[in-house]
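For reference, the structure discussed in these notes is given below.
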Amino acid sequence: MIPLSSRRALMTAVAIVCSAAGLPAWAGQSAESLALGAPGGAPVTDRLIVKYREGALATAAMDRTQELANRSGVQLRVLRDTALGAKVIKMDQRLALKDARRLARALAADPDVEYAEPDQILQAQLTPNDTSYASQWHYYEATGGLNLPPAWDKSTGAGVVVAVVDTGYRPHADLAANLVAGYDMIADTATANDGGGRDADPSDPGDWIAANECGYTHSAQNSSWHGTHVAGTIAAVTNNASGVAGVAFGAKVQPVRVLGKCGGYTSDIADGIIWASGGTVSGVPANATPARVINMSLGGSGACSTTTQNAINGARSRGTVVVVAAGNSNANASNFNPANCAGVITVAAVGRTGARAYYSNYGAVVDVAAPGGDMSTGTANGVYSTLNAGTSTPGADSYAYYQGTSMATPHVAGAVALMLAANPALTPDEVETRLKGSTRAFPGTCSQCGTGIVDASAAVDAATAVTPPPTWTDVNEVESNNTRAAAQTITPDPARVLGTVGSTSDTDYYKISVASGATVVGSLTPNASADYDLYLYNSSGTQLASSTLGTGAVDTITRTNTGAATTWYLRVRYYSGGTGATNGAYTLTIDR
């Protein structure tokens with residue numbers, strides 16, 4: 001429990017205005033009425049992530065946090081600080097995720113709280129089934145495969161490290177030679193299931209669970225060995241006359257263990273992203289072999305958390321491409337994270353026919369599709385890769401068919417490794433643009449599945465293609481353009497807008513026409529001392545994408561219009577730094 005001295009409690013009582021529901025409110029905002037119920041069958045968590053503002057009186061702010069939790073019948077204690085400077089706070093009970101979100105929103109009403117959100121438990125994205133042997137159709141078949149054989153003549157992924165942020169690994173004989181040192185990021189001993197917390201051993205002890213063990217109603221489940229299956233697709237040892245091949249068999253896999261019993265916490269996953277990409281995580285040794293690609297075949301419901309988005313932004317700033325699963329709920333991926341996070345490559349799954357797999361999520365946030373298998377038409381139509389035969393604890397090496405967007409994602413991560421081995425100078429945005437531009441059309445129905453099925457050979461060609469720089473047409477900003485209704489229309493393509501942030505409250509909107517199938521690339525370059533952010537909205541004002549990197553950084557958004565011709569809006573928003581005719585100058589390039 002966060003300590004409350006009598007003096008601090010008195011200060012808190014003065015600072016808090018109680019609402020009619022008996023809960024505190026800050027800055028004139030009414031706190032939500034929190035009727036926190038039992039989890040039942042809904043997703044649950046027993047943790048929150050709270051970031052206090054710089055310069056805030058931390059003790060008093062934490063006291064107010066505890067006071068609100070007390071009134072909701074919840075006791076809190078600080079577990080640790082995250083690599084992003086927030087605090088992981090444990091509750092003395094599990095709450096349904098919807099109730100944890102309500103509590104977090106109430107905490108965030110405190111002016112000294114930058115943000116508060118549930119430390120959500122995400123799950124591996126797969127639909128496993130029984131083991132069977134068959135060929136890897138998903139690599140070479142013309143209908144639903146990745147077109148790998150001609151790609152291997154040009155690149156094998158040599159020199160590229162791909163981090164698999166997942167359940168860890170088993171030292172499978174068909175995989176071990178292509179592993180580099182990783183890390184176990186699971187801080188909670190019960191979740192880790194290996195007798196300890198964070199350490200340098202990311203091997204997978206098994207993630208089996210008994211019925212209802214995770215705090216909600218569910219059946220017993222055997223260990224998935226999910227990370228081992230994903231890793232084998234990316235870089236199983238190849239040309240060894242045994243087992244299976246890997247998409248980028250010349251690359252190395254870095255196992256970063258974040259999922260254990262019942263899944264994994266957002267705070268651990270975010271630290272895993274940061275560490276894998278070469279960032280600093282307190283208490284964890286520096287990563288000697290930072291990854292150029294991160295594979296995240298995991299997810300959960302709800303919006304992209306601030307914690308996850310900040311971790312992804314940091315990884316991208318270090319040159320790392322983040323590839324994530326769209327999810328397996330046959331629903332719009334915009335309602336699932338990290339599929340809906342900005343700056344990631346979100347992957348849907350197709351089956352052997354090249355049509356969308358029945359389970360795969362879809363929607364405007366999906367960038368591309370790849371073979372994930374569809375075992376409703378037979379086990380051999382799944383994705384075949386390395387596994388372990390143990391039902392709970394580790395057993396012998398094995399192979400198995402799995403299906404899911406979890407299986408589609410490593411196909412794309414491997415293809416990205418092939419691209420980066422062929423052209424290491426590519427930025428994350430350039431990788432995404434060239435990958436999406438080199439996909440092939442769907443032979444079956446796959447509405448809102450991105451630009452097409454990833455074609456590994458065409459992607460490698462696109463990675464090495466010399467693209468002439470665009471000839472920009474300069475357009476001067478015309479005020480007033482501080483609302484969507486007053487947005488300045490940008491007609492030239494490509495265009496370079498010469499704009500100015502006039503004040504800390506200034507915001508600039510630009511209106512563009514976007515053809516069906518067109519890919520819009522917007523890049524915002526501020527002056528060196530300023531931090532301006534870039535957002536993209538559709539014609540209804542719904543945010544489609546954003547880029548919110550730090551001071552002096554170039555924010556880039558890449559988005560493909562998968563629907564009919566439409567109107568989109570790019571918005572430049574002040575965050576910090578200079579303003580005015582000189583210190584507030586920026587350029588916004590728009591290419592479509």
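Things to note:
- Taking a ≥ b ≥ c as the square roots of the eigenvalues of the alpha-carbon gyration tensor, the range 370-415 is classed oblate because a/c is 1.5 or more while a/b is no larger than b/c.
- Percent of Cα pairs exceeding the 23 Å cut-off, where the set is the range 129-211: 46 percent
- Reduced Cα scattering model of the range 220-269, Debye log10 I(q)/I(0), q = 0.13, 0.27, 0.28 Å⁻¹: -0.41, -1.00, -1.04
- Dipole of the range 123-464, positive end: most advanced residue of Y169, G159, I186 [Cβ charges, Cα centre]: G159
- Whole-percent P(r), the range 473-591, all Cα pairs, 5 Å bins from 0: 2, 12, 24, 27, 20, 10, 3, 1.
- Principal axis dimensions, largest first and in whole angstrom, of the chain by Cα: 73, 62, 41
- Tensor-based shape of the range 246-322 (alpha-carbon gyration tensor, a/c under 1.5 rounded, otherwise prolate or oblate): rounded
- Extending 7 Å from Cα along the Cβ direction at T483 and again at A210 yields two label points whose distance is 6.1 nm.
- Cross-link partners of K261 among lysines (Cα-Cα below 24 Å; sequence separation of 8 or more within a chain): K87, K90, K98
- Cα-based shape type of the range 123-464, given that a ≥ b ≥ c are square roots of the gyration tensor eigenvalues and the cut on a/c is 1.5: rounded
- Sorted on the mean count of surrounding Cβ atoms within 10 Å across their residues, most packed first, peptides 287-296, 510-519 read 287-296, 510-519.
- Ordered by the number of other Cβ atoms lying within 10 Å of each residue's own Cβ, fewest first, F249, F336 fall into the sequence F249, F336.
Every read-out reported here was derived from the displayed coordinates using simple, explicitly stated rules and does not represent laboratory data. Remember, it's a predicted structure, so these values are computed and weren't measured experimentally. Neighbour counts run over all protein chains shown; Cβ positions are idealised from the backbone, glycine included.
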